[in-house]
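The values are calculated or read from the model by the stated rules, or taken from the named source; none is laboratory data. In this text, all values refer to a predicted model and were calculated from it rather than measured experimentally. Cβ sites come from the backbone with ideal geometry, for glycine too, and all protein chains shown count toward neighbours. To get the accessible areas, we keep the full protein, side chains included, count just its heavy atoms, and leave off ligands, DNA and RNA. Shrake-Rupley method; radii C 1.70, N 1.55, O 1.52, S 1.80 Å.
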Amino acid sequence: MNGIDVIGVSDLSQAVGFLSDELPIEPAVVDLSEVFAVGGKYDVDFSDVRGQESAKRALTIAAAGTIT
């Protein structure tokens, strides 16, 4: 993503220091391809669950935030 600086802080005092221009923090370099590759791998998914179709549908709808 171009044009977005990611500034990581470990606590609120660092955030306040950065926002008040008292603490310089360099933007972090984020490789989105790597983030999505690592975050998109799951050990377990719904294909491992047998039955409970209504519960799986409710969880899917809740995760998506919409009803189709």
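Restricting attention to the range 31-57 and to residues that are assigned to a loop (DSSP other than H, G, I, E, B) and among the charged types (D, E, K, R), the residue that is surrounded by the most Cβ atoms within 10 Å (Cβ to Cβ) turns out to be ASP31. Among the numbered conditions (1) more than 16 Å from the chain's Cα centre (by Cα); (2) of a type in the set (A, V, I, L, M); (3) open to solvent by 100 Å² or more (accessible area, probe 1.4 Å), tell me where ILE25 comes up short. (3) is the only condition that ILE25 fails.
When the range 12-22 is filtered for residues that are open to solvent by less than 70 Å² (accessible area, probe 1.4 Å) and either assigned to a loop (DSSP other than H, G, I, E, B) or modelled with pLDDT under 90 (or both), only SER20 remains. Being modelled with pLDDT under 85 and either surrounded by 10 or more Cβ atoms within 10 Å (Cβ to Cβ) or under 16 Å from the mean Cα position of the chain (by Cα) (or both) is true of ILE4.
In the range 18-68, which residues are of a type in the set (D, E, K, R) and under 15 Å from VAL6 (Cβ atoms)?
Passing the criteria: GLU26, ASP31, GLU34.
As a summary of the residue check, GLY51 satisfies the conditions (1) in contact with a Lys or Arg (Cβ under 9 Å, 6 or more places away or on another chain); (2) on the phi > 0 side of the Ramachandran plot except for the one numbered (1).
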